[in-house]
Amino acid sequence: GMLRPDLLHALGDLHPSFIRWPGGSFASTYKWEDGIGPHVARRYHPNLIWGGYSDYYGFGTDEFLGLCRKIGTEPLIVLAAPGTRPEQVEYAMNWVHYLNDPLSSEWGKKRAANGHPEPYGVTLFQIDNEPMNNGFTPEAYAEIVNVYGKRLREIAPKARIVACGQKRSSDMDWSEKVIDLAGENFDILGCHNYEYEPDNYATGVARIADYLQKVRDYIGKSKHPKIEQAVLEWGLCRT
C-alpha cells in the first residue's frame, strides 16, 4: 500500500486508539480534493507553515483510511475551516460526504471510482487546528464552530465533533469563550500545550495537569457539562 513496512509496524506496535490527520497547522490549509484519485493527477502544495516542506499529496484521504484499517485504529479527520463563507463550509462538508455517503450519492460514486465503494463511516471530526495561529480570536473561532458544527450534526449525526482549545496552559480565556459561545455544537475540547521556555521543562508535566483540571472544572460548571477533553498536542519542545 505504498507504506514503509518498518513505519507501518512501528505505528501498529503503538496500538493507538485513534490517529488524527492532517496534523498540525498544515490541517488549516489542506486541500483534500487535491489528494484523491490517480496520483498523476494530484497537485503539489508546499507546506509554507513548516518552512516549505514539499507535499505532493501522494498520501491522501484513501491512503490514510487504508493505514487506519491496517493497524485497527479510528481516524480523526481535521477539517480546514478558514471562514464561514458558504463555499468554505461546503468544501469541508464535501469531505465528510466523500468519506461517509452511500454509493448511490454523488460523492459516494466519486469514492467508488477511486476504488472504495463502501462508506468509511468516520465518526471523529475536528474543526480546524490551532486557529489562533491564523489570527482568529476565540469569538471568531466560536462562530466557525457553530456554523461547521451545526452542519456536521445534520450530515453526520453519529459524529463526535472536536473543537480547539487553547495552545498554552496560561491562556484559559480561549477555552472558556469557546465553551461558552459554541459548547452546544461540539463534543470534545482538544487541548494543546507547548513549553517553549527552557526554564519550563521540569515543571511542564505538572502545568498541563493543572491546566486540564481547570478546564475540567470550568466545563463542569458551564452550560455544557458533558463536553469531554482530549490532549491532542503536547510537547516539551525547544528546551
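The values are calculated or read from the model by the stated rules, or taken from the named source; none is laboratory data. All values derive from a computational prediction rather than experimental measurement. Glycine also receives a Cβ, built like all others from the backbone with ideal geometry; neighbour counts cover every protein chain displayed. These accessible areas exclude ligands, DNA and RNA; they are computed on the full protein's heavy atoms, side chains included. Shrake-Rupley method; radii C 1.70, N 1.55, O 1.52, S 1.80 Å.
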So the check is Cβ under 7 Å with 6+ separation or different chains; which pairs have a first residue in segment 18-42 that's without any contact (Cβ under 8 Å) to a residue 40 or more places away in the chain and among the charged types (D, E, K, R) and a second one that's buried (at least 16 other Cβ atoms within 10 Å of the Cβ) and in a helix (DSSP H, G or I)?
ARG42/ASP34; ARG42/GLY35
Quick check on segment 6-24. Is at least one of its residues open to solvent by less than 60 Å² (accessible area, probe 1.4 Å) and in contact with a Phe, Trp or Tyr (Cβ under 7 Å, 6 or more places away or on another chain)?
yes
In segment 186-208, is there at least one residue being touching a strand residue (DSSP E or B) at 6+ places or on another chain (Cβ under 8 Å), within 23 Å of VAL96 (Cβ to Cβ), in a helix (DSSP H, G or I) and open to solvent by 10 Å² or more (accessible area, probe 1.4 Å)?
no
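Consider TYR211 carefully, then state whether it is part of a helix (DSSP H, G or I), at pLDDT 95 or above and among the hydroxyl-bearing types (Ser, Thr, Tyr). Outline the logic, then answer.
Values: part of a helix (DSSP H, G or I): yes; at pLDDT 95 or above: no; among the hydroxyl-bearing types (Ser, Thr, Tyr): yes.
No; evaluated as a whole, the condition is false for this residue.
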Of everything in segment 174-203 that's free of Cβ contacts under 8 Å to residues at least 40 places away in the same chain and more than 21 Å from the chain's Cα centre (by Cα), which residue is farthest from PHE136 (Cα to Cα)?
ALA202
Within segment 40-59, the residues that are surrounded by fewer than 13 Cβ atoms within 10 Å (Cβ to Cβ) and either in contact with a strand residue (DSSP E or B) (Cβ under 6 Å, 6 or more places away or on another chain) or in a helix (DSSP H, G or I) (or both) are VAL40, ALA41, LEU48, TRP50, TYR53
Conditions: (1) open to solvent by 10 Å² or more (accessible area, probe 1.4 Å); (2) assigned to a helix (DSSP H, G or I). LYS167 meets all but one. Number of the miss?
(2)
Out of the residues in segment 218-239 that are outside any strand (DSSP E or B) and open to solvent by 70 Å² or more (accessible area, probe 1.4 Å), state the one that is farthest from LEU181 (Cα to Cα).
THR239
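Every residue, every condition in (1) more than 24 Å from GLY24 (Cα to Cα); (2) not in a loop (DSSP other than H, G, I, E, B), yes or no:
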residue: PRO117; (1), (2): yes, no
residue: ASN133; (1), (2): no, yes
residue: TYR141; (1), (2): no, yes
residue: ARG153; (1), (2): yes, yes
In segment 60-88, which residues are in a helix (DSSP H, G or I), closer than 17 Å to GLU33 by Cα and open to solvent by less than 10 Å² (accessible area, probe 1.4 Å)?
THR61, PHE64, LEU65
Pick from segment 73-86 the residues that are out of contact with any Cys (no Cβ under 9 Å at 6 or more places or on another chain), touching a residue at least 40 places away in the same chain (Cβ under 8 Å) and not polar (S, T, N, Q): which of them is nearest to GLY12 (Cα to Cα)?
LEU76
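Residues of segment 1-52 being aromatic (Phe, Trp, Tyr) and within 21 Å of ILE77 (Cβ to Cβ), which ones? Walk me through it before giving the result.
At the first step, the residues of segment 1-52 found to be aromatic (Phe, Trp, Tyr) are 18, 21, 26, 30, 32, 44, 50.
Residues satisfying the conditions are PHE18, TRP21, PHE26, TYR30, TRP32, TRP50.
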Restricted to segment 89-121 and to residues being farther than 20 Å from GLU63 by Cβ and either in contact with an Asp or Glu (Cβ under 7 Å, 6 or more places away or on another chain) or of a type in the set (S, T, N, Q) (or both), the residue surrounded by the fewest Cβ atoms within 10 Å (Cβ to Cβ) is SER104
